[in-house]
Structure formats: structure tokens, C-alpha cells
Amino acid sequence: MGNDLSGTVHGPVIQARDIHQLVANLGERPSRLPHEAPAPPYPFVNQYHVHEQLDAVFSRAREADRPLLVCLYGPGGVGTTGTACAWAKRNEHLFPDGIVYLRLSCGRDELVESGEALGSALVALGVPAGELRPTAEERAADLRSVCQGRKVLFVLDDVHSPGQVRPFVPSETGCAVVATSRWLAQGLHGMGFQLIRVAPLATGHAQELLTAVLSEQLIELDTESEQTLLRSCYGYPGAIRLMAASLVGKTARQRTRILGRVAEHGFRALDGEVQLQLVDHLDFAFQRLPEQAARAYRLLAWHPGPEFALAAAERVLALDAEDTGDVLDTLATAGLLTELPGDRFRFHDLAQDHARGVSGPPDPVVIGRLGNWYLQCTIAFDKVLSTRPRVNPLYQRVPVADHADREAALRWLETERVNLTSLVPVVMEARHFDLAWQLCEALWGLYHLHGHYDDWIGTHQVGLDAAQRCDDPMAAMRLSSQLGSAYLGVGELGEAGRHFQLSLETARSSGHSQGEQSALEWQGKVALRGGDPQTALDLFDQSEQVEVEAELRPRVAALLDLQRGRAWLAAHNPLNAKEVLERTREFFDGTTEGDNQAKTRLELARALLALGEQDRARSELTEAERLFAADGSLRKQAEVLQALGDPESLGKAEGIYRRLGSAKR
């Protein structure tokens, strides 16, 4: 037998020529294999899609004969730790030599040193604490040796830098490292890690978690109160649990007060300790930002919605596209923004509230700069939809959006709808009254085509107030008319009539014939909706007379004929309806106004059905359905499908109403 020494040895070594008796003190060894990962949160809700991604990465790693290396990243409270621990628990059979859990930070400013973390791992795997070698490099080498031939999973929680993870990267193919981080640790990708984002819970799953947590605490809340809590939690499991915990042990009166404050102030209504738990990670990330990125974080806080385009950020920050992109990349790396396709970014929901808390009040100059950019973009795309006259003189100066057809214009407007709708009260609060009403005028086309009545009424109530504060009668006339049309759409005929009367009086006192003509036409629509077709016909005639005296415009004549057709149908005179609607159809077929083409075909089809011309009626309805679908006018599309009446069409109509979240209006 040779007297050679090779390999890695822990502790003292004695070499001797002859050994007559051996007494070995091996120290205390673990009585069982380590399974240290904390128990997954109960209940664990809807992060199984992340587990599916982990499973797929693990399978590919085994096929390639290499260890599994994954980092789950997402803002604090979103559930990265719980997701990692739940996966570890579900797959512990794949790691028969143990699961080692290590938290790599002790608080906001205190990180666990690599040597200390490696020592904890070695002890968990059976190396006596007294035999640990002193340096991190030595302990990393020892860890690789200990793992040789083993299947061990390391869960490294709350990683702040790639350097903390590097010593744990195993060479054994049966081993795995699942790290969690509060931000996108891009340096890990270069080390072979797959990066998987953990997103907030969708609304339904957030509700499931809240219901389970409240039930566990024997707390009963009504639906409105539950929704108040959910709106303040933004789908973050940690926030949901903390919000629910804030109600434990409280009387009904105390809970009512807490919920009232939460409804008004969100998570900031909670006591300081709970707030700190929700935003501690955001404070830490913010304090580490370079100055220019910190400035951007504070300024972008007051963007009206959580999602924005790179071009919008340029206006807020007053930087060029390249510098803006660099700053946004820094914020995304810090976990404060998420980059989306198409040069768009989104605030993590709690992050925007946090950013507003550290930024101070919004700067009216920045709000004005952003508002003007959004207004000009909205005008450019709105001009693609219609050539109807507008009051705002910017419509004469802003060109139509380049290379944009009707579909592209509606797509941009829908993409930005949340921002545009939220922007109206923001510019009003900043005392940019002109921007408030001008945005409303520019949004009317989108709201009218797609039936966004809540947005329509909410913004236009603000916009009408803004127009009156500007002492601009033409703006007030336009906004009262547009607001009236929204009330007509939801069947509030009294409010609709009141606003159209206001518009009519303003137009007459200002000598504005087009405004007078429009107001009379809308009053006719109110009468028709109220079941009085004869009064409606009289008002349409009065509207046309005003227009004739000012020089009748062909488009106005066609629109009035469309309304007359509807009135004749209501008066049970389909023959007269068919006559005026065929004339209307001929006019609009020569335009690009797909919505009016579709509306005319729908009414003409109803006249044809009443006259027994079934085949032609069906042809008109089929084309109307296509046109409404192309315009994204879902409610009108469903109306046509119901008129078609066959089982397939009725099924499609029902599906549209379910999608809209409402029954037939």
C-alpha cells in the first residue's frame, strides 16, 4: 500500500509508516440530510406557470448534462421567495442529498459575505464548523468537492450581485442553484443563469389569495371592501397578506376606518411599520441609483399611467432618445421599471406610488410639456378617423399622423387610452385648463367609436369645467355637446338634453351656425331615443334649415338623412326610411368613414327586413358587421350580429357582450 495523499482533505492529516491502532473522532455529523428551504406560503396561488418554466429549464439542463442555474426576479413582495421554496418542496425528490437555503442579505444595507454563506452551506452538508478553511476561495473549492457525485439544490434568496452567487455555481450536473433577486441581475446571465420574471398576481388570483387569507383569520368583508384592499395591493402577494394582517384584532368600526383611509390613500394609509415592509426594497433600490436615474424616477412618477412610450419619457425628462434609453435601462435593471415590446416601459405598480412619495409635488412645467406632446399625437391620429370640424386651432396646424391608416390610428389611441384619460385631471390640477378641454375634444372620436362611456363622461365633466374657466364659449359649446352625446349613449336622456340645450344656447349667443346645427341634430336624437320620432324629424328639419342658410355641407346632409332614416323606422314607415338611407349609403360609400358606412347599412337592413327584402338585408348586415369589426366597435358589431339572428351570430354577439362585461344596452 502506498503512502500517498491526494484530493481535497478537511482538517488535520497524519502520515505514518506503521499504524497499530486508529482512534477517529469524526465530530457531530448531521443526523439527517438538509432540507432547509422555508415552507412555501399558504395558500400558494398561481405562480405555477413559473414552476413550469423552471421544470422546462431543468429538463434542458439534464439533457445537456449541466447543472440547473436559474434566477427568479421581481420586486419585493411579488413572491419570488415563495415561488422558489414551493418549487423546491415539490421537487425535493430530485435532490436526495439535500436542499440548502441561504439568505444573502440581512437587511437593506447589510449583505451576507460570500465566505460566511459558503461556510453555512458546508456545515449544512456535513462539514464540522471547526474544520472550515478561512478564505472564501478555499470554501468555494471545498463546496465543489463536497458536492461531487451528489444531487444538491441551493436556494439563494435575495441576491444583490452576481458576485454573491458565483462561488455556489456547481460543477456537478445533478446539482442546481435557484436564486431570487429583487431586480434583473443581468450579470447572472453571463454565468449561464436563466432569468425568469415573477409577475404580480392577476386580478382573479389576487382575489383568491385575499379570500383565503381573510378566511384563515376569520375576517368577513363585503365585496366593495375587498376590492378596496385589492386595488391598493396591485397583485403583490406580500402586500395582500400585510393588508389583511392590518385588520386582525380590529373592531368593525376600526376596520371601517382603516378601509376608508386605504380607499383614499392606498398603502400609505397603513401604519409606518407595514408601509416600510411594503416599500423597503424600493427605498433600497432608489438610494443606489445614479443621480440622473434618480431624477428620472422622480419625474416619471407623475406620468398619468404606469405604462409609457420611450418618446413620452423623452418629453418628461427633456433628454434625447439615447440618453433617455440609458436612464430607463438603469431603472429597469434596478427593478423599478419593466421593459415592454415596442419601446415601452411600465412602472412596477407599487414603485410608481413610491416614486411619487419621494418626488414631491408634480412640476406644472413638466406636466405641461407632457400634456402638449400627448395632445399633438392624439390630434394627429384623431384626424385620421374623421374630418368633422373642430374648435381647437391646433387641428389646423398639426399634420395627420404619417403612414397611419384607420386601424393604426385606433390602435395607437387604444394603447394610450389609460394615459390620455388619466392625463385630463392631471393637467387640470396643474391649471393647464386649455390642455384639459383640448384633450377631451381630441378623444371624442375614440370614445364615440369604441363606447368607452365611463372614460368619456369622467373626462368631459372635467373638460367642460376647464373650458368654462378659460372663458372660451366655443370650447364650452363643443364640450357640452360631446358630454351630452355620452349621456345619450348610456340612456341618461335628461342629462343629455340639458347639455345639448347648453350647447345650443352658447352657439346661438355666439352666432355659431355649425354649433347650432349640431345641437339641434343631437336634440333630435334625444327625442328619438325617448320614443318621439315626429319631434325628432322636426328637429332634424330645423337643423338642416340652419345648415342651408349657412351653405349646406354634403356630409351634414348625409348625417341628417341617417337620423331621418332611424326616425322613419321608429315611426313604422320603412319605405321612407329606405329612400333616405339609400341616399345616405351612396354618400358614405365614397368616404373612408367606415363607422358611418356601417351604421347606414345597419339601418337600411332594418328597413329592408320590414319590407320583406330578406336577402338584400342580410347582405347589408354582413357588410355592416365586417365594418364595425374592422373599426373595433364591438357593441355595434354585437348589435348587427343580433340582427342577423342565426345561432352562430347570436353566439358571437353573446361572446362580445361577455367580453365587454355588460349586457345589451
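The values are calculated or read from the model by the stated rules, or taken from the named source; none is laboratory data. The structure presented is a predicted model; accordingly, all values stated were derived computationally and were not measured. Heads up, the Cβs are rebuilt from the backbone with ideal geometry, glycines too, and the neighbour counts pull from every protein chain shown.
Within the range 138-162, track down each residue that is in contact (Cβ under 8 Å) with a residue 24 or more places away in the chain and among the charged types (D, E, K, R).
Across the range 138-162, the qualifying residues are R139, D142, R144, R150, K151, D157, D158.
Where residues in the range 551-570 are surrounded by fewer than 21 Cβ atoms within 10 Å (Cβ to Cβ) and of a type in the set (G, A, S), which of them is nearest to V640 (Cα to Cα)?
This residue is A570.
Only helices (runs of 4 or more DSSP H) wholly contained in the range 394-449 count here; list those with 3 or more residues that are in contact with a Leu (Cβ under 7 Å, 6 or more places away or on another chain) and of a type in the set (S, T, N, Q).
Those helices (runs of 4 or more DSSP H) do not exist here; none qualify.
Among the residues of the range 517-544, how many are among the charged types (D, E, K, R) and over 41 Å from the mean Cα position of the chain (by Cα)?
4
With the requirement that a residue be in a helix (DSSP H, G or I), of a type in the set (A, V, I, L, M) and modelled with pLDDT under 95, what does the range 532-557 give you?
V546, V548, V556, A557
Could you please find all residues in the range 492-527 being modelled with pLDDT of 95 or more and in a loop (DSSP other than H, G, I, E, B)?
Within the range 492-527, E492 is the sole residue that qualifies.
Do you know which of the residues in the range 613-628 that are under 15 Å from T592 (Cα atoms) and not charged (D, E, K, R) is farthest from the chain's Cα centre (by Cα)?
Of everything passing the filter in the range 613-628, A624 is farthest from the chain's Cα centre (by Cα).
Residues are listed down the side, and each one gets a yes or a no for (1) among the acidic types (D, E); (2) surrounded by fewer than 23 Cβ atoms within 10 Å (Cβ to Cβ); (3) over 22 Å from H450 (Cα atoms); (4) out of contact with any Cys (no Cβ under 9 Å at 6 or more places or on another chain):
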| residue | (1), (2), (3), (4) |
| --- | --- |
| E549 | yes, yes, yes, yes |
| H572 | no, yes, yes, yes |
| E579 | yes, yes, yes, yes |
| T591 | no, yes, no, yes |
| D615 | yes, yes, yes, yes |
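Can you spot a residue in the range 437-447 that is polar (S, T, N, Q) and farther than 14 Å from N372 by Cα?
The answer is no; no qualifying residue exists.
Pick from the range 56-95 the residues that are touching a residue at least 12 places away in the same chain (Cβ under 8 Å) and surrounded by fewer than 16 Cβ atoms within 10 Å (Cβ to Cβ): which of them is nearest to Q164 (Cα to Cα)?
Applying the filter and picking the extreme gives R66.
Considering only the range 330-355, how many residues are surrounded by fewer than 20 Cβ atoms within 10 Å (Cβ to Cβ), at pLDDT 90 or above and part of a helix (DSSP H, G or I)?
Selection size over the range 330-355: 1.
Condition first: surrounded by fewer than 19 Cβ atoms within 10 Å (Cβ to Cβ), touching a residue at least 40 places away in the same chain (Cβ under 8 Å) and farther than 17 Å from A476 by Cβ. Now tell me which residues in the range 490-537 satisfy that.
Within the range 490-537, V490, G491, R529 qualify.
Here's a check for you: in the range 445-471, which residue that is touching a residue at least 60 places away in the same chain (Cβ under 8 Å) and over 21 Å from L528 (Cα atoms) is farthest from the chain's Cα centre (by Cα)?
The extreme case among them is G445.
Of everything in the range 325-356, what is of a type in the set (S, T, Y), touching a Pro at 6+ places or on another chain (Cβ under 8 Å) and closer than 14 Å to P306 by Cα? Give them in sequence order.
Selection gives nothing.
Working only within the range 415-444, note down all residues that are surrounded by fewer than 21 Cβ atoms within 10 Å (Cβ to Cβ), among the polar types (S, T, N, Q) and in contact (Cβ under 8 Å) with a residue 12 or more places away in the chain.
Those that are surrounded by fewer than 21 Cβ atoms within 10 Å (Cβ to Cβ), among the polar types (S, T, N, Q) and in contact (Cβ under 8 Å) with a residue 12 or more places away in the chain: N419, S422.
Quick check: anything in the range 384-403 among the basic types (K, R) and more than 28 Å from S513 (Cβ to Cβ)?
Looking through the range 384-403, none of the residues is among the basic types (K, R) and more than 28 Å from S513 (Cβ to Cβ).
Return the residues of the range 393-408 that are without any contact (Cβ under 8 Å) to a residue 60 or more places away in the chain and either surrounded by 11 or more Cβ atoms within 10 Å (Cβ to Cβ) or closer than 20 Å to G632 by Cα (or both); say none if nothing qualifies.
Once the filter is applied, which keeps residues that are without any contact (Cβ under 8 Å) to a residue 60 or more places away in the chain and either surrounded by 11 or more Cβ atoms within 10 Å (Cβ to Cβ) or closer than 20 Å to G632 by Cα (or both), the range 393-408 yields L394, Y395, V398, V400, A401, H403, A404, D405, A408.
What tally of residues in the range 49-76 results from selecting those that are over 21 Å from H348 (Cα atoms) and either assigned to a helix (DSSP H, G or I) or touching a helix residue (DSSP H, G or I) at 6+ places or on another chain (Cβ under 7 Å) (or both)?
Residues meeting the conditions: 16.
Please go through the range 304-329 and give me each residue that is outside any helix (DSSP H, G or I) and under 19 Å from Y73 (Cβ atoms), ordered by number.
Correct list: P306 only.
Taking the residues in the range 148-163 that are at pLDDT below 90 and in contact with a strand residue (DSSP E or B) (Cβ under 9 Å, 6 or more places away or on another chain) as candidates, determine which candidate is surrounded by the most Cβ atoms within 10 Å (Cβ to Cβ).
V159
Does E137 qualify as being modelled with pLDDT of 90 or more and under 46 Å from the mean Cα position of the chain (by Cα)?
yes
Determine, yes or no, whether L122 is hydrophobic (A, V, I, L, M, F, W, C), buried (at least 21 other Cβ atoms within 10 Å of the Cβ), touching a Pro at 6+ places or on another chain (Cβ under 8 Å) and outside any loop (DSSP other than H, G, I, E, B).
In short, no.
Conditions (1) under 19 Å from I379 (Cβ atoms); (2) not aliphatic (A, V, I, L, M), marked per residue:
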position: P393; (1), (2): yes, yes
position: S422; (1), (2): yes, yes
position: A436; (1), (2): yes, no
position: C440; (1), (2): yes, yes
position: A467; (1), (2): yes, no
position: S480; (1), (2): no, yes
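Looking only at the range 358-368, which residues are surrounded by 15 or more Cβ atoms within 10 Å (Cβ to Cβ) and of a type outside the set (S, T, N, Q)?
The answer is V358, P362, D363, V366, I367, G368.
Could you tell me whether the range 96-105 includes any residue that is exposed (fewer than 15 other Cβ atoms within 10 Å of the Cβ), outside any strand (DSSP E or B) and at pLDDT 85 or above?
Yes, the range 96-105 contains at least one residue that is exposed (fewer than 15 other Cβ atoms within 10 Å of the Cβ), outside any strand (DSSP E or B) and at pLDDT 85 or above.
Please indicate, with yes or no, whether at least one residue in the range 210-228 is outside the structural domain of D353 (by TED's automatic domain parsing), modelled with pLDDT under 85, surrounded by fewer than 13 Cβ atoms within 10 Å (Cβ to Cβ) and within 23 Å of the chain's Cα centre (by Cα).
The answer is no, given that none of the residues of the range 210-228 is outside the structural domain of D353 (by TED's automatic domain parsing), modelled with pLDDT under 85, surrounded by fewer than 13 Cβ atoms within 10 Å (Cβ to Cβ) and within 23 Å of the chain's Cα centre (by Cα).
Name the single residue that is modelled with the lowest pLDDT among those in the range 378-427 being over 27 Å from the mean Cα position of the chain (by Cα) and β-branched (V, I, T).
Of everything passing the filter in the range 378-427, T387 is modelled with the lowest pLDDT.
Are any of the residues in the range 637-653 among the charged types (D, E, K, R), touching a residue at least 12 places away in the same chain (Cβ under 8 Å) and touching a Gly at 6+ places or on another chain (Cβ under 6 Å)?
There is no residue in the range 637-653 that is among the charged types (D, E, K, R), touching a residue at least 12 places away in the same chain (Cβ under 8 Å) and touching a Gly at 6+ places or on another chain (Cβ under 6 Å).
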